[in-house]
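No value in this document is a laboratory result; all are computed from the given coordinates. This structure is a prediction, so every number in the text was calculated from the model and none was measured. Neighbour counts are summed over all protein chains in view; Cβ atoms, including those assigned to glycine, are modelled from backbone coordinates with ideal geometry.
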Amino acid sequence: MSGLQIDNISMRFELPNGGHVQALQNVSLDIKSGELMSVLGPSGCGKTTLLNIVAGFLAPTEGQIILNGSKVVGPSPERGMVFQQGALFEWMNVRDNVSFGPDMKGVSRAESKEKVDHLLDVVGLGDFREKAIYELSGGMQQRVALARCLANDPDVILMDEPLGALDALTREKMQSLVLDLWKETGKTIILITHSVEEALLLGERLLVMAPRPGRVHKEYHLPFADLGVGADLREVKKHQDYNSTREEILEMIWNMEEEIMGRTEESA
Amino acid sequence: MTGIFVLLLYVGAFFGSFVIAKRLYSSAFEKKGFNKLKTVTFGDESSITPNRVASVVSVITVFWLWVAFTNSAIPLPKFPGPYSGNASFTYTVQLKDGTTDDATVTMRVYREDIQQTVDAEGNPGREPKPAEVEPGEGFAKNDSLTVARYGFKVVNVWQNDEVSKKDGSKIIAINGQPIEPGQKFTTPEGKVGLTDKGTPTFAPKTGLRMARLYLPAPEVVWQRFVFLNTEGYQGFTLLEHTRYSLQRVLIGFLLGAAVGVPIGYAMGLTGWARGWFDPIVEFMRPIPPLALIPLIIIWFGIGEIGKIVLLFLAALWIMIIAARSGVSGVAITKVHAAYSLGASKWQILGKVIVPNSLPDIFTGARVAMGVCWGTVVAAELVAANVGLGKMIVTASKFQLTDIIIVGIIVIGAIGFAIEVGMRALENWLVPWKGKI
C-alpha cells in the first residue's frame, strides 16, 4: 500500500494540574503519493502536533501513521522536514548544509556533489554554495532548507510554516518555488500555514482544522496549485473560485475564533 | 585632601584632554563608514566606537600620574617634592638663672634610597657625612647631622653643649618661636618640634611625592624589570616565573575543560548524569577556589600538583556549566531537522550539538581562563617556590616595591593578552556567534 495513511490519530496531553488537553481527536486521512496538501486552522487546532506525529517526533496516544505500508515509529529520512527558520546549521556553509543528509547516509561527497549542485541551482543559490548561513537573507535561508530536504530524496516533505517569517514579496517567490519543486519532484507535501492565501495556492487538497479538540473540520479539493505551477500566482488569484473560497474559509476560521473566545469567557 | 585633589586633576584631564584633542585631532572624532550617515548616535550603542586618542591619552595620564607622585628623573611635571639639601633651625637654651643662648642645627637631607643608587663607577651610594660647622660662641654649640628624606630625627643637641637638662636647662624657643615640650610647628624646610622630654626633633618636608619604598619611579621599575630578566629573583628569572605561572594555568584549564566539557554534555543529554552531577556542581560552584587552598596544601603540598588541582577545580565547574548551557541552547528544530535527515545519535552529537555549543563553551573558556589566571597568582601568594605570585609575595617581605610593581604589570599584561587571544580564537573558530 503506497501513500501516507493517518489512521484515527488522537493526542492527549496530560497537564501537571491533573487536567488534560485533547490536541487531536480521531483524525484520519489518506494522502496519496504525490499529493500536495495544505493544513490551515486557528492556533491551538493541533496542526503542528499532527505534523510532529507524522514526522515521528511525537507518538500519538491513539492511532497510527502508515507510510508506504509500514508504521511510523520515529523520525526517518523518508519524511523530510522544512521548519519556519533557525533549523539550518550555522557552522556549515550552504553546500555542507545541503549535503548533510547524504553525508549522514555515508554517501561520498564526490557522489553527492552533482545532486547538491543541481539542487542549489534549482533553488537559485548556484552562486552562494560556499557562503556562510548567516550571510544569507531569510528567503535564501529557506531556499537552503528546501534544497537540504530534497537532497535526501524523502518520500514525504513536511513543512511547518516554512514561509511564515518571510516578507510578502519573498514569500510569493517562494510559493512559486514550492509549486515548481512539487511538480518537478512529484513528492508528497504536507504544508502547515497560517495564511489562507498560501493554503489556497499551495494545496490541491486543503484541510481546515478546528480546535478543542483538534479535528478535521472541512476538506477542499482545489485547482489552484495545478494552475500555479510555472504560472504567475497573481493570475491564479484572479480565478473566479479563488476569492469565494477564500472568503468562505476566512469566515469559517473567524467563527471558530469567536467560539473559542466565547467559551473562554463562559469558563471565566 | 590629596585624594580629592588628584581626583579633580584626573577628572580635569578627562575633560581637558577631550577639549584639546577635539581641537587638534578632529579627524579622530569623525564617525567612520556607515556611522557617518547616522544623524542619531546618542543612545545608539552600535554607533559608538572607542576613540583611540582617548585610549592613548588615558594611558599617558596614568603614566604621568605615576611619574608625578615619584622622585622620577623623567622630565614631566611633578607634584611638590621632598626637601633636599641642607636645612637648619636655631634653638634657644635657657639656663636655670634665666640666661639664654642660641645655637644652629644644620640637617643634611639625603635621598632615602641612596644605598640603592649607583655612582658613575658602579659603586653603591652611601649616606653623606654631616656638614662641617663651627661650634660657635656661648654655652650652646652648633650641631650638624644628617637625615633621610621622608625621615625623622631626634636631635640630641645637648651632647656638645656646655649645659644639660640635668642642671635645669631647657629649650624655650626654636627659630625664635617659643615652644613647649610635646609641641611642633612647620617651617619651610620641614617640621620641628620638641619631644615630651624637651629634645628637638626634625622631619624634612615630604611634599606630595612618595618615597621609593611606597611608589618607585617608572625608570626604577624598568631597571628592575631588566634586572629580573637577566639576574632573576629567588633563583628564577622573570621569564621563568611567568612561564611557571602560565604553565600551571594552561595545564589546569585544559584538564578542567577536558573533564568539564564531557560532563556538561552528559548533563545536557542524560537525566542520570544531570541528577548525578547537579548536587556536586551546584555545591562546588559557589565556593571560591581560594577557599580550597588550605585543604589543597594539606593534601597535595605546595608543589606543582597542588596548584594544578586547584586550577583544575577553578576551571571545572565553569566549563561544566558552559557545556551544559551549550547543549540546552540547541534549538529543537535543529535536532529535529538532523534526525529527519537521517542522523544517528552520535552524528547528532558530533555534527549538531558540539558545534552548536561552541559559542557557549568559548564564553566559558574565556571566563575560566580569567579565573584561573587570578587563582594561580593568589595560590602562589599563599605557597609556592616559583611563579609570579611567589615573586611578588617574597618581594613584599623584603619591601622591594619595584619587584611587586613589575609583577603586577606582567600579571595584568598577560591577563589582557589572554583575553585578546581568546577573543581572536573565538572569532576564528565560531564566526557565526551572535549573528543568528
* Asked: At 222 nm, what helix-only mean residue ellipticity would chain A give, in deg cm²/dmol to the nearest 500, using -39500 (n - 2.57) for each DSSP H run of four or more?
  -> -12500 deg cm²/dmol
* Looking at this model, which pairs from A:Lys47/B:Lys351; A:Lys113/A:Lys237; A:Lys47/A:Lys113; A:Lys113/B:Lys345 are more than 28 angstrom apart at the alpha-carbon? -> A:Lys47/B:Lys351; A:Lys113/A:Lys237; A:Lys47/A:Lys113
* To do: Name the longest site-free stretch of chain B, where the excluded sites are GluC sites (Glu not before Pro) in a DSSP loop with no more than 15 other beta-carbon atoms within 10 Å.
  => B:232-436
* Shielding of A:70-80 by partners, i.e. mean partner chain Cβ atoms within 10 Å per residue? -> 2
* So what's the net charge close to B:Leu310: Lys and Arg +1, Asp and Glu -1, counting the other residues with Cβ under 13 Å from its Cβ? -> 0
* Grab the beta carbon distance between B:Gln183 and B:Ile305, set R0 = 41 Å, and tell me the FRET efficiency rounded to 0.05. => 0.10
* **Between region B:168-215 and region A:1-56, the alpha-carbon center distance in angstrom** => 97 Å
* Structure fact -> Per its Cα gyration tensor (rounded if a/c is under 1.5, else prolate when a/b beats b/c, else oblate), region A:81-153 is best filed as prolate
* Take the alpha carbon atoms of region B:85-204, find their radius of gyration, then divide it by 2.2 N^0.38 Å using N residues; give the quotient. => 1.16
* Asked: Gap in Å between the Cα centre of region B:405-436 and the Cα centre of region A:193-268?
  -> 55 Å
* Straight distance only, please: which lysines reach the Cα of B:Lys141 with their own Cα at less than 29 Å, same-chain residues fewer than 8 apart left out? => B:Lys96, B:Lys129, B:Lys153, B:Lys165, B:Lys166, B:Lys170, B:Lys184, B:Lys191, B:Lys197, B:Lys205
* Using a Förster distance of 51 Å, how high is the FRET efficiency between B:Lys153 and B:Glu419, based on the Cβ-Cβ distance and rounded to 0.05? -> 0.55
* Average Cα contact separation per residue, chain B, under 8 Å, 6 or more apart, as relative contact order % -> 12 percent
* Name the residue, out of B:Thr230, B:Thr201, B:Thr270, whose mean-square fluctuation peaks in a Gaussian network model built on chain B with Cα pairs under 10 Å. => B:Thr270
* Structure fact -> Taking Cα atoms, the helix B:354-382 axis meets the longest principal axis of chain B at an angle in degrees (rounded to 10) of 30 degrees
* Asked: In µm²/s, what is D for region B:212-269 at 25 °C and 0.890 mPa s, where D = kT/(6 pi eta Rh) by Stokes-Einstein and Rh is the Kirkwood radius from Cα pairs?
  -> 170 µm²/s
* Average beta-carbon neighbours from other chains, 10 Å sphere, peptide A:101-112 -> 2
* Asked: What does the helix-only formula give at 222 nm for chain B: each DSSP H stretch with n ≥ 4 adding -39500 (n - 2.57), the total divided by the residues, and the result rounded to the nearest 500 deg cm²/dmol?
  -> -16500 deg cm²/dmol
* **Förster-model FRET efficiency, 56 Å R0, B:Glu134 and B:Ala258, C-beta, rounded to 0.05** => 0.10
* Asked: Once you sort the root eigenvalues of the Cα gyration tensor of the protein assembly as shown as a ≥ b ≥ c, which label holds: rounded (a/c under 1.5), prolate (a/b larger than b/c) or oblate (the other case)?
  -> prolate
* Using Cα pairs under 8 angstrom and six or more residues apart, how large is the relative contact order of region A:133-268, in percent? -> 19 percent
* What trypsin sites (Lys or Arg not before Pro) in region A:1-91 are in a loop by DSSP, with at most 13 other Cβ atoms within 10 Å of the Cβ? -> A:Lys32
* Structure fact -> Note to self: C-alpha centroids of region B:1-26 and region B:122-144 sit apart, in Å, by 46 Å
* To do: For chain B, state the average projected area of the convex hull of the C-alpha atoms over all orientations, rounded to one decimal in nm².
  => 33.5 nm²
* Structure fact -> The answer for A:Gly203, listing residues at least 5 apart or on another chain whose modeled amide H is closer than 5 Å to its amide H, is A:Ala225
* Environment charge at B:Arg224 (Cβ cut-off 12 Å; Lys +1, Arg +1, Asp -1, Glu -1) -> -2
* First check a/c for region A:106-193, with a ≥ b ≥ c the square roots of the eigenvalues of its C-alpha gyration tensor; if it is under 1.5, answer rounded, and if not, answer prolate when a/b is larger than b/c or oblate otherwise. => oblate
* Asked: How far is helix B:238-269 tilted, in degrees, relative to the longest principal axis of the Cα atoms in chain B, given as a value from 0 to 90 rounded to the nearest 10?
  -> 30 degrees
* **Cβ-based net charge around B:Ala322, under 13 Å, with every Lys or Arg adding one and every Asp or Glu removing one** => +1
* Structure fact -> Note: region B:220-429, point scatterers on Cα, Debye, no solvent; log10 I/I(0) at q = 0.19 Å⁻¹ equals -1.26
* Normalising by the residue count of region B:85-204, find the relative contact order in percent from Cα pairs under 8 Å and 6+ residues apart. => 26 percent
